[in-house]
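The values are calculated or read from the model by the stated rules, or taken from the named source; none is laboratory data. Predicted model, so just to flag it, every value in this text is computed and none were measured. Every residue, glycine as well, gets a Cβ built from its backbone with ideal geometry; the counts of neighbours run over all protein chains shown. SASA here: full protein model, heavy atoms, side chains in, ligands and nucleic acids out. Shrake-Rupley method; radii C 1.70, N 1.55, O 1.52, S 1.80 Å.
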Amino acid sequence: MAKLELEKCNSLLDNDFSLITVKENKQPNIAWKKYQTQKPTKTEFERNWHLQTSDAVGLVTGYNKVEVIDVDLKVFDSELKRTEFWTEYLSFLNDNIENFQSKFIIVKTKNNGYHILYRCNFTQGNTKLAKLENIKEAVIETRGIGGYVFIY
């Protein structure tokens, strides 16, 4: 797994995003509660980035109005179902949100899902939005206050 380059992390910090470092299993390797309300300085972040236990970088959600829709396609049992769901969902978003492509950033995850990033005036905590019958995990959930997403 490749850790996001320090230069790119510094650019995100410059653009007022809060970042943390995480282990390969996506668990934070630092105490990160304070970064939910303040971003780390470049010096703090670089120190954490260089820790031996820092395998990757997480984007703190809820900070500075950042929220993420996490679309978890691994809950589907076939590639065809994943593709059909994603195509229909993306079409729905494009059809119902004016200028969708210019307001949101979509990032593919390593588990063939997607993170849809945006800023909004009203950010909540992590919320499960959609589940399928007979499947325990949510297909769509938000990551907001008190959350973070892995940066690929």
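Listed by position, the strands (runs of 3 or more DSSP E) inside the range 113-152 whose residues that are of a type in the set (Val, Ile, Thr) number at least 3 are 138-143. The number of residues in the range 107-151 being β-branched (Val, Ile, Thr) and loosely packed, with under 12 Cβ neighbours inside 10 Å comes to 1. The residues of the range 37-63 that are over 14 Å from the mean Cα position of the chain (by Cα), open to solvent by less than 60 Å² (accessible area, probe 1.4 Å) and in contact (Cβ under 8 Å) with a residue 40 or more places away in the chain, listed by number, are Trp49, Ser54, Asp55. Just a yes or no: is a residue in the range 90-100 open to solvent by less than 60 Å² (accessible area, probe 1.4 Å) and in a strand (DSSP E or B)? Checked the range 90-100: no residue is open to solvent by less than 60 Å² (accessible area, probe 1.4 Å) and in a strand (DSSP E or B). Residues in the range 1-29 that are without any contact (Cβ under 8 Å) to a residue 24 or more places away in the chain and acidic (Asp, Glu): Glu5, Glu7, Asp14.
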